[in-house]
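See below for the structure under consideration.
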Amino acid sequence: MKKSSFVAMLLGTVSGVLFALGMCMALIPEWSAFMPGIVFGCVGLFLGLITLLVWRKMEHKAPIRVSGKAVLTIVVGIIGALALGVGMCFCMIWERMVVGIVIGIVGIAILLCLIPLTRGIKE
């Protein structure tokens, strides 16, 4: 394993755990830890961004260029993930199974659209 991959794996794991713990703290009312959860979540997001920058630097890659395609890819990914999450909430929390399954499938379809958007369609 390359050193850059190992560092990215460690930093990514720590940032993911901090973000997940922060969201649990913020969203589980029994814990009564909304503000510390927001702080933990933000620290996790910030560390994830640092991880990306450190990994790209260690791999000697060019900085990320912001283009229309990159912005569209990010927007499609966010919309797809939110639709999938809302579908799961409909099923598990609000007990609206059919509506949740339909919304979840739409979210999965939107996320599948990321493949041709990022890779392109080739013959």
Open item on the list: Pairs please, first residue from segment 13-38 and more than 28 Å from Trp55 (Cβ to Cβ), second anywhere and part of a loop (DSSP other than H, G, I, E, B) and at pLDDT 95 or above, Cβ atoms under 6 Å, 6+ apart in sequence or on different chains.
Closed with: none
- [ ] Could you run through segment 20-72 and say how many residues are among the aromatic types (Phe, Trp, Tyr), modelled with pLDDT under 95 and within 17 Å of the chain's Cα centre (by Cα)?
- [x] 0
- [ ] Return a yes/no flag: does segment 33-48 have any residue that is closer than 30 Å to Ile93 by Cα and not in a helix (DSSP H, G or I).
- [x] yes
- [ ] Go over the candidates Glu30, Glu59 one by one and state the one that is of a type in the set (Asp, Glu) and either surrounded by 13 or more Cβ atoms within 10 Å (Cβ to Cβ) or within 27 Å of Leu10 (Cα to Cα) (or both).
- [x] Glu59
Open item on the list: Taking the criterion of being small (Gly, Ala, Ser), under 30 Å from Pro116 (Cβ atoms) and in a helix (DSSP H, G or I), would at least one residue in segment 49-62 satisfy it?
Closed with: no
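The values are calculated or read from the model by the stated rules, or taken from the named source; none is laboratory data. The shown structure was predicted, so the numbers you read here are calculated from the model rather than taken from an experiment. Note that each Cβ is placed from the backbone with ideal geometry, even for glycine, and that neighbours are counted across all protein chains shown.
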